[in-house]
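Trainee: Okay, here's the structure, questions in a sec.
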Amino acid sequence: MGQRIDDPALDALFRNGRSYSKWQARPVTDETLRELYDLLKWAPTSANAAPARFAFLRSKEAKERLRPALAPLNVQKTMTAPVTVIIGYDMKFYEQLPKLFPQNPGIAKLFETSPEMVETTAKRNSSLQGAYLIIAARAIGLDCGPMSGFDQAKVDEEFFAAGKPCFGCDQEFFPEGHVRTNFLCNLGYGEPAALHPRLPRLTFTEACSLL
């Protein structure tokens with residue numbers, strides 16, 4: 001606790017971590033995806049709500065279901081990635097709070113009566129969990145290609161609408177019709193030769209203030 005990680009780890013997670021659009025022909029195993037989730041799940045969310053839901057698309061059939069929702073520039077990189085993750089958020093995440101946040105038995109009722117708070121909490125914390133996914137993926141040797149550039153309504157209807165298959169997940173935690181898409185992220189082993197030069201970042205004085 002409270003110990004600084006070494007520079008090679010910081011390089012892998014941040015300084016040298018890149019967004020990939022071309023991929024090596026190396027599969028990502030189910031065991032690796034389970035390891036990925038079992039790592040990212042420990043990172044914090046508000047009231048331990050964990051509203052993110054992750055749909056890992058691995059098969060050609062699943063990818064083809066996603067194709068019509070993709071912007072043209074995102075089609076090739078997604079079809080060739082070993083895995084594409086739909087990072088979604090459950091609009092009824094609060095139903096799990098008696099289990100996930102038992103020290104406050106009344107908190108689920110608080111969310112039930114405030115749809116605006118549900119939406120804000122679900123979006124904000126699923127975005128955090130999506131970022132945790134990227135960091136965890138890099139930590140276990142995977143490369144990432146997070147993406148906007150898709151039709152959210154089409155993704156929601158195809159993968160999360162009522163009556164659609166739920167990928168064999170626990171229906172209690174992944175209710176049909178209650179999950180909405182936040183963003184997409186391709187996963188695999190990137191092709192370094194296809195990377196563009198690293199883009200600049202804002203300096204501390206450009207992005208930060210000390211009060």
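Trainee: Let me confirm something: among Lys99, Lys63, which residue is basic (Lys, Arg), at pLDDT 95 or above, on the phi < 0 side of the Ramachandran plot and open to solvent by less than 30 Å² (accessible area, probe 1.4 Å)? Show your work before the answer.
Mentor: Details: Lys99 fails: open to solvent by less than 30 Å² (accessible area, probe 1.4 Å).
Step by step, each of Lys99, Lys63 is checked, and only Lys63 is basic (Lys, Arg), at pLDDT 95 or above, on the phi < 0 side of the Ramachandran plot and open to solvent by less than 30 Å² (accessible area, probe 1.4 Å).
Trainee: What single numbered condition from (1) in a helix (DSSP H, G or I); (2) open to solvent by 90 Å² or more (accessible area, probe 1.4 Å); (3) free of Cβ contacts under 8 Å to residues at least 12 places away in the same chain fails to hold for Trp42?
Mentor: Trp42 satisfies every listed condition except (1).
Trainee: For Val83, state whether it is within 27 Å of Lys154 (Cα to Cα), β-branched (Val, Ile, Thr) and either surrounded by fewer than 16 Cβ atoms within 10 Å (Cβ to Cβ) or touching a strand residue (DSSP E or B) at 6+ places or on another chain (Cβ under 9 Å) (or both).
Mentor: Yes.
Trainee: Among the residues of the range 100-138, what is the count of those that are assigned to a helix (DSSP H, G or I), farther than 30 Å from Thr32 by Cα and touching a residue at least 24 places away in the same chain (Cβ under 8 Å)?
Mentor: Going residue by residue through the range 100-138, those that are assigned to a helix (DSSP H, G or I) are 100, 107-112, 115-138.
This time we only want the ones that are farther than 30 Å from Thr32 by Cα, so: 107-112, 115-120.
Subset that is touching a residue at least 24 places away in the same chain (Cβ under 8 Å): 107, 118-119.
Within the range 100-138, residues that are assigned to a helix (DSSP H, G or I), farther than 30 Å from Thr32 by Cα and touching a residue at least 24 places away in the same chain (Cβ under 8 Å) number 3.
Trainee: Using beta carbons and a limit of 8 Å, which pairs, at least six apart or on different chains, have the first residue in the range 1-28 and farther than 24 Å from Ala43 by Cα and touching a residue at least 60 places away in the same chain (Cβ under 8 Å) and the second one of a type in the set (Val, Ile, Thr) and open to solvent by less than 90 Å² (accessible area, probe 1.4 Å)?
Mentor: Final answer for the pair search is Lys22/Thr80; Trp23/Thr80.
Trainee: Is it true that Ala12 is among the aliphatic types (A, V, I, L, M), on the phi > 0 side of the Ramachandran plot and assigned to a helix (DSSP H, G or I)?
Mentor: Criteria not met by Ala12.
Trainee: Is there a residue in the range 149-157 that is under 30 Å from Ala194 (Cβ atoms), of a type in the set (Phe, Trp, Tyr) and open to solvent by less than 50 Å² (accessible area, probe 1.4 Å)? Give the derivation first.
Mentor: So in the range 149-157, the residues under 30 Å from Ala194 (Cβ atoms) come out as 149-152, 154-155.
Next, from what is left, pick out any that are of a type in the set (Phe, Trp, Tyr): 150.
Okay, now just the ones that are also open to solvent by less than 50 Å² (accessible area, probe 1.4 Å), so 150.
Within the range 149-157 (the criterion being under 30 Å from Ala194 (Cβ atoms), of a type in the set (Phe, Trp, Tyr) and open to solvent by less than 50 Å² (accessible area, probe 1.4 Å)), the answer is yes, since at least one residue qualifies.
Trainee: Among the listed residues Glu191, Glu172, identify the single one that is acidic (Asp, Glu) and at pLDDT 95 or above.
Mentor: Glu191
Trainee: Of these, Ala69, Ala50, which one is under 17 Å from the mean Cα position of the chain (by Cα) and of a type in the set (A, V, I, L, M, F, W, C)?
Mentor: Going through Ala69, Ala50 in turn, just one is under 17 Å from the mean Cα position of the chain (by Cα) and of a type in the set (A, V, I, L, M, F, W, C): Ala50.
The values are calculated or read from the model by the stated rules, or taken from the named source; none is laboratory data. Only a predicted model underlies this, so the values are computations on that prediction, with no experimental measurement involved. Counting neighbours? That spans all protein chains shown, and the Cβs are built from the backbone with ideal geometry, glycine included. To get the accessible areas, we keep the full protein, side chains included, count just its heavy atoms, and leave off ligands, DNA and RNA. Shrake-Rupley method; radii C 1.70, N 1.55, O 1.52, S 1.80 Å.
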